[in-house]
Every structure is written in C-alpha cells, then in structure tokens.
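Okay, structure first, notes after.
The values are calculated or read from the model by the stated rules, or taken from the named source; none is laboratory data. Treat the numbers as computed from the prediction; the structure is a model and nothing was measured. Cβ sites come from the backbone with ideal geometry, for glycine too, and all protein chains shown count toward neighbours.
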Amino acid sequence: MNNIGGCVRMKVLMSGNEAIARGAYECGVRFVAGYPGTPSTEIVETFAQYQDVYAEWSPNEKVALESGIGAALAGARATVVMKHVGVNVAADPLFTVSYTGTNGALVIITADDPSLHSSQNEQDNRNYAKFAKIPMLEPSDSEEARRYIKIAFEMSEMFDTPVFLRTTTRVSHSKSIVYPEAPLSREDALRLEVNPGKYVMVPINARHRREEVEKRIQRLKDFAETFSENKMELNNTETGIITSGMSYNYAKDAFPDLSYLKLGMVYPLPVKMIKKFASEVRKLYVVEELDPYIEEQVMAMGIKVIGKEVFPYTGEFDPGVIAASMGGSKQPVPASLPDISIPPRPPNLCPGCPHRGLFYVLGKLNVFVSGDIGCYTLSYMKPLEGLHSCICMGASIGMAHGMSKALGEKGRGRVVGVIGDSTFIHSGITSLLNSVYNKSDIVIVICDNRTTAMTGMQEHPATGFTLSGERTKELDFSALASALGVENIRIIDPYDLKSTRTVMKEELSKPGPSLIISRRSCVLFKRREKELRVPMRVNPETCIGCKLCLGLGCPPISWVKDGMTAKKGKGKRKKQEGVAKIDQELCIGCTLCQQVCKTGAIIEVNAE
Amino acid sequence: MMKKNVKNILMSGVGGQGILRASDILSMVAMESGLDVKKSEVHGMAQRGGCVTSHVRYGQKVYSPIARKGDVDILVSFEKLETLRYMDYMKPEGLVIINEREICPPSVNLGISDYPHDIVGTVSSIFSAVKVVDAGRLAKEAGDVRAENTILLGVLSAYLRLEVPLWLKVICESFPPKFVETNLEAFHLGRASQEQASQ
Ligand SMILES: Cc1ncc(C[n+]2csc(CCOP(=O)(O)OP(=O)(O)O)c2C)c(N)n1
C-alpha cells in the first residue's frame, strides 16, 4: 500500500501524479491549487491526503495560477496543477508572472496528453516554456517526478522565476517504483513584501523587468550546461539520440545500446552540451513526441539531426513506433490474425445518467445544440445525437450567442447552449452575462449533476464542499442568474421527459435569453440522495419490437432477435423481428425507457 | 540482452471490471519480489463502459511502461470479445487467458452488429496456449461476484514465477479488511482451477 504521510516504506509503487505530490510534500509545499483535467487530476487529489499541505480546487486554471502567484509572492512554496489546455486558460497571468518573478517558489504543473486519450486537442506545452520564457523540467518516470518537483522548487527560488514541470499521460498515469524520503522541516520566509517596481506591471516597470527576464534566461542557460539531470550516456557512438521524458524510456527499450543525451530540462536547452554530444556520435536523432520542439532548436544550432522526417508528428510513441521509424532493430513479429470485425466499445453515458433524458429531448427538437465539455458531450453520438458542437470549456454559451445573432430571425427558437455545472463555473458565467447584456435570443441549459463527473467527481463551488470535504457556501445558480439579469429561469428534472420537453418548448418560444437548470445528481455521485428505485424489465408479451427504448442508448437495454417474423395477436407487429430486453443488474430504474414505451411493455421488475 | 528478461502482461476488459486493481496487485507482487516494474493504463473518457487495458512489465530493468505489439507474453482478457481487440500485441507463442464473461458493446445492444461468435475457437486457431475461465462462477463460489478480478489473478499466477506468499500478502494489503477473506479464497480458487487443469 502506498503509505501517504507519516512513516514510509523504502520502496513504493506510485503513479507519476502521486509521486509529484509526494515530492512536493517532502520539500514543504505550502499552497496547492488546481482545476481537474485528465491526466493531471490525481495530483491535487493526492495532496488532499497530506494533512500538512493546504490544497484547493479552483474554479478554473486562471484563478489557480493567480492564487499560486499570490502564495509565492508571500514567500511560500506554491504549486498549481492543470492539464495542457488549462494553461491556455491561465496564459494571461502566466506570461507576466514570468516578468515579475515569484519571490517564493512557484511550480506550474502541466500534464500533456499525446494521443488525446481524454482531451480535445494535442498541443505540446513545451512551446509555452519557450514562449513565456519559463524554465521547464520533464521527468520520465515516477521517481524522477518525485525528485524533479523538488528541483523545480529550488530553481524557482534560486532564479526568482516560475518553473514548469511537464508530464505526459504516460508519465502521470504509469506506475513505477519510487523511493520516498522523509519530509524536510523548513521555514518558509513568509512575509508581505511591497516592491511596486517588481510587482506592478505598468509599462515603465514591465520594460525593466523584461530586461531582467533576458538576464535570467542567460543565467538559466549556463545552469543547464551543468544541470545534473541533463545526462549524456555514451555507448555505441555510431548513433546518438537526444530525448526527454517518456520518449527516453521508449527509445531505451527499443535501442538499449545506443548513446543518449537525456534532457531533464527542456527549456532552456544546454547548447554546449548538445554540440558536444553531436560531435561524439556519427548519426544524430531527436526522439520527441508531438512538435519538433527540440529538433528545431538543435537545427538552429547548425547541427544536422534526424527528427520528424522519420518520426510521427501525431500521437504518442511506444518502443515499437521508435524502432519502426529508426529501422535496424529486430522487431517482434505479432501472430498473423484473421480478418474479423470487432464491434467498437466507445465510452457511454452510464445507466441512469441524468444527461440522457435532457439530450434525448434536445435531439428530437429541431434546434442547434451548442455543447460544451463534460460527460454530456458523449450525447453527440448515436442514438441520442443531441449535441452539435464542442470546442473548449465554456464555449457553448458564447457560440450559441454568436450563432443566434448571426442568424437573426432565422435563428429564433432554434439555438440552445448546453453547459455542465462545473464547466459553467469554470468559464460560462461571463458569457451568460454577455447573453443578457447583448440581448441574446437563446436558451441556455446548465446540466447540473451536482459534481464534476467527467474527471471523476471533484467538488466545485456549487457542491457546497471543498477539496478536503469541508462544508462551504454553495453557489445558487438561479440566484446568480437573476443577479446577472436573466429573467426566465426554470428548473427541470431530466428524469421527467414530458416536463423537460414542455419547458424546453416554452422557453424556446420566448424572446431570450432563458436559463434552464436541469438538475439531477450524477448516478456515481457519492452524496446522491438515497432513492428507492426499482429496476425495469420488458414484458415480452406486450413489447412490439418498435425499438423506441433503444433510442435512449442506455447500456442495460438490448435487442434480442427472436426470429418471429410474423407474430400474431394483440398489438403485435406484422414483421416483428425481436424484443427489447433490460439487464436488471445494470438498470437503476430511472424510468426513461418506461416513459418512451408506447405499449406499456416496460414495467418494474416485480410488477406482474 | 537484458530486455529478454522483461515479462509483458496485458490485461484487457471493460470499465468497472476491476482491471486497474488487478494490475496494481500484480505490479506490487513483482516489486515485492525484488524486480523492477512498470505498469500503465489509460483512464479518462471511459468512466464506465469503455475499453480498459493495463500493461504490466517486470524484470531486472524496465524502461517503457507499455509493451510493443508482438511482445506480450500473457494476455488476460476480463471480457471475451476484448480478447480479439489486442491479439496483435501477443507473441505468437504467448498465452491467452479468456474470461467467459460477455458484456455487449452498444452496437450489439442496438442490434446493429453481432457479438462475435466462437471467440475461443478463433483465438485457439492462432495461439496454441489458450485458457478459458468462468471467473463469474468461481467468484460466486468464493462468496462475492465482484471478485472476478481476483479469480483471474489466481489463474494468471499459475503461469508466473512469482511466489504465492507474496501474492497473499499483497492481496491482504489491497482490500478493506472485510473483503480480504473472499479475495484470498478467490485467488486460491483461480489458481487451483489451473493446477487441476494441468494435471
Ligand atoms: C481548460 C480545461 N480544463 C479542464 C478540462 C478537463 N475537463 C473536461 S470536462 C470537465 C468538467 C466536466 O464537469 P461538468 O461540466 O460538471 O460536466 P459533467 O462531466 O459532470 O457532466 C473538465 C474538468 C478541459 N477539457 N479543459
């Protein structure tokens, strides 16, 4: 077992995310803030298990970073945690905290997601380091993750700069052996320091700090040359590989005998070291996932290097990808397989998911549903097809607004913006205000399932609980909306299809904006109201095989072909091919299928 | 070459089947045996119902946490049809352990496609080492239908050179006290099913 806090075993299996939290704890981190996002989420969740560390969920990544900056300016060791796209949200303070410096320590953790396992894009956040002139460390496994975050704090203090720690999904979510150390007891130099020249970024001061940034980068470049985590391994010098992070492991796996320059710090790069390494080997490769980030800088040093001409730009690597790209390694030969079609298994809304009823209704209205990011995004798929766009968190309301303005009369009653509760808090509030201010003709729906479901049930300001499980004020969406000036506010229960449809139609017929709060707890939610719900079953005698219930896309409902082509008798269809069936172990009794069934064939399990 | 010593195990199945817990346990047993170990899975979009895989690799020194195609020694498929999805990861001489459990994907539920027929036959036509397990029945026997994952660990353990006492120790540490006994029983039942089979 991973023994968190207190006494520890010599050797523990930890994910990269757990190891980051462990390392930060060991070196006395005082303040942690983040917004959930795969693959970064467990970092903040692990901090919550360390009694002596203050950690919180922020409403979004910008607030997280700004809070982290404040804590660091007060002299603390602070870290902020987000997925790659979270840095886009936090980019505004990011670029300028690079100018002010941090006083204490500030480490920004960005977890990138090559292959888009759970993301809307595949951006390479190493570019942010270079763009914002902030040094970046990149661990390749859990033990390095634990050690590197400590180095990151020290560098932040030493150079008065924020420091990035970048992981990728495979580093964050793989487990490997970690050797925990006892936490340091250290005193933060906490105090309020007033230094307007350094912290008030008006042009005259910022111009000065801008110069300081360049000086700092120069000092960091010198540091990089002797940094102990930039390591040269000279073996077979026929071929050399420059790499970092998880790619190092993939390459070592495929080519254990080649020479390596493993970069623990990917910004700034150690120019002299790279030139030295290049001179030691005959043929030089850069092995990196996503952008040719290192490659382009090495080329700019005037060094001949092979990179994206052989390696893919997209998707994550594995040892096989590297071996195939470089050639010359003995590749394992998989068994030859017959050509069989395997039905796909995409993620689906859970049985009893409250989003299902709402999107079933939306999919049947002739409207454009401007969607957002969360579990509910899955309703774009067949058979619900109740969501028609998704760009980034918070985009739904703004896009619906622009669309309805552009369409004018043609768009009346035709544009709906749908947003999750956590997403609304993250970045929907200002656009709701905008839709009031600019008199938008749209209906906005908050799918309020009382939690941040997609990323695994995190608390947020409308749940009434903090990260550590303490009670706090609970945001009231309708009070907020009326304060913003929304006049039509309705609350619906998405388990009630009829009233959901009625309310939706009523609000679509009014001049907007209207706000509908579709409220029902996520089925996986831990504080869900205990309800006595009885699973459903299909009465095969009265089922006419119309497949209406299958239109809900609910996992327990399936179709059984029964080979009866011409059933006779009451209510039977002439050419009935089968009946619906409900798996009682999976059904939670939300009754949506009962509501859509036209023949009353869906009944409670124990009904006669 | 040291790479030869790395054992590659791939677990596949569907969200909610306990694959992550099972691969954690396997990894910890390997670690307790004094070996280097890495494991990797991807979780995210699939809260429930999507495909789940977990790679576990152990040996003297392990670099990559994921195995490459054609390099997996043992595939443990917690769900029957999921076996087919990962056959290209297998070494031709590898062992395939198939749980009889069938969980229909959405397209099968909707009547659009069929659940593939005779999966065991298909797999057996490619690999000579195939073991089929009814983990659901054995789990019921052990006293908890949710212990299918531990049954499969018991089955797997019969083909690995990791010591039984270490398995038992890690299992004891991995479950809340009230579930330990059934899981120990499940492990034994799973393992015994193979010992009998090979007699
Ligand atoms: C900028 C950014 N931060 C974080 C994420 C990760 N993420 C995707 S959806 C989501 C929240 C979903 O919660 P909610 O809106 O309540 O919908 P639910 O999943 O509960 O239906 C998060 C945190 C992201 N995609 N982009």
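Points to keep in mind about this one:
- Counting only helices (runs of 4 or more DSSP H) wholly contained in the stretch B:119-181, the ones carrying 1 or more residues that are among the acidic types (Asp, Glu) and within 18 Å of B:GLU32 (Cβ to Cβ) occupy B:164-174.
- Contacts under 6 angstrom Cβ, first residue in the stretch A:33-47 being closer than 20 Å to A:GLY420 by Cβ and away from every other protein chain (no Cβ under 13 Å), partner within 10 Å of the ligand (Cβ to nearest atom) and polar (S, T, N, Q), 6 or more apart: A:TYR35/A:ASN60
- A:ALA251 falls short on exactly one of the conditions (1) within 33 Å of the chain's Cα centre (by Cα); (2) assigned by TED's automatic domain parsing to the domain that holds A:LEU137, and that condition is (2).
- Hits in the stretch A:378-421 (condition: within 12 Å of the ligand (Cβ to nearest atom), in contact with a Leu (Cβ under 8 Å, 6 or more places away or on another chain) and within 14 Å of chain B (Cβ to nearest Cβ)): A:LEU378, A:SER379
- A:PHE465 falls short on exactly one of the conditions (1) in contact with a Lys or Arg (Cβ under 9 Å, 6 or more places away or on another chain); (2) within 11 Å of the ligand (Cβ to nearest atom), and that condition is (2).
- Look at the stretch A:340-360: where a residue is on the phi > 0 side of the Ramachandran plot and a partner is in a loop (DSSP other than H, G, I, E, B), sitting 6+ places away or on another chain with Cβ atoms under 6 Å, you get A:GLY352/A:VAL523; A:GLY352/A:ILE588; A:GLY352/A:CYS590.
- Among the criteria (1) out of contact with any Ser or Thr (no Cβ under 7 Å at 6 or more places or on another chain); (2) within 16 Å of the ligand (Cβ to nearest atom); (3) farther than 25 Å from B:GLU79 by Cβ, the one A:CYS375 does not fulfil is (3).
- Odd one out for B:SER27, checked against (1) part of a strand (DSSP E or B); (2) modelled with pLDDT of 95 or more; (3) at the interface with another protein chain (Cβ under 7 Å from one of its Cβ atoms): (1)
- Residue within the stretch A:351-371 that is within 13 Å of the ligand (Cβ to nearest atom), crowded, with 24+ Cβ neighbours inside 10 Å and outside any helix (DSSP H, G or I) present: yes
- For the stretch B:150-183, a residue qualifies if it is exposed (fewer than 15 other Cβ atoms within 10 Å of the Cβ) and more than 13 Å from every other protein chain (Cβ to nearest Cβ), and the qualifying residues are B:ARG161, B:GLU163, B:VAL164, B:PRO165, B:LYS178, B:GLU181.
- In the stretch A:73-99, the qualifying residues are those that are in a helix (DSSP H, G or I) and touching a Pro at 6+ places or on another chain (Cβ under 8 Å), and the one that is farthest from the ligand (Cβ to nearest atom) is A:SER98.
- Test: residue in the stretch A:27-42 that is outside the structural domain of A:LEU475 (by TED's automatic domain parsing) and surrounded by fewer than 19 Cβ atoms within 10 Å (Cβ to Cβ): no
- Qualifying position, being closer than 22 Å to A:LEU532 by Cβ and either at the interface with chain B (Cβ under 9 Å from one of its Cβ atoms) or modelled with pLDDT under 95 (or both), among A:ALA566, A:ALA607: A:ALA607
- From the options A:VAL436, A:VAL418, residue that is crowded, with 24+ Cβ neighbours inside 10 Å and not hydroxyl-bearing (Ser, Thr, Tyr): A:VAL418
- Of all the listed residues (A:PHE477, A:PHE424), the sole one being within 15 Å of the ligand (Cβ to nearest atom), surrounded by fewer than 24 Cβ atoms within 10 Å (Cβ to Cβ) and at pLDDT 95 or above is A:PHE477.
- Scanning the stretch B:95-112 for residues that are at the interface with chain A (Cβ under 8 Å from one of its Cβ atoms) and modelled with pLDDT of 95 or more yields no hits at all.
- Matching residues in the stretch A:330-350 - criterion: being more than 8 Å from every other protein chain (Cβ to nearest Cβ) and either touching a Phe, Trp or Tyr at 6+ places or on another chain (Cβ under 6 Å) or within 14 Å of the ligand (Cβ to nearest atom) (or both): A:LEU349
- Residue that is nearest to the other protein chains (Cβ to nearest Cβ) [pool: residues in the stretch A:53-62 that are more than 12 Å from the ligand (Cβ to nearest atom) and free of Cβ contacts under 8 Å to residues at least 40 places away in the same chain]: A:VAL53
- Hits in the stretch A:32-47 - residues which are farther than 18 Å from A:ALA182 by Cα and either outside any loop (DSSP other than H, G, I, E, B) or more than 13 Å from the ligand (Cβ to nearest atom) (or both): A:VAL32, A:ALA33, A:GLY34, A:THR41, A:GLU42, A:ILE43, A:VAL44, A:GLU45
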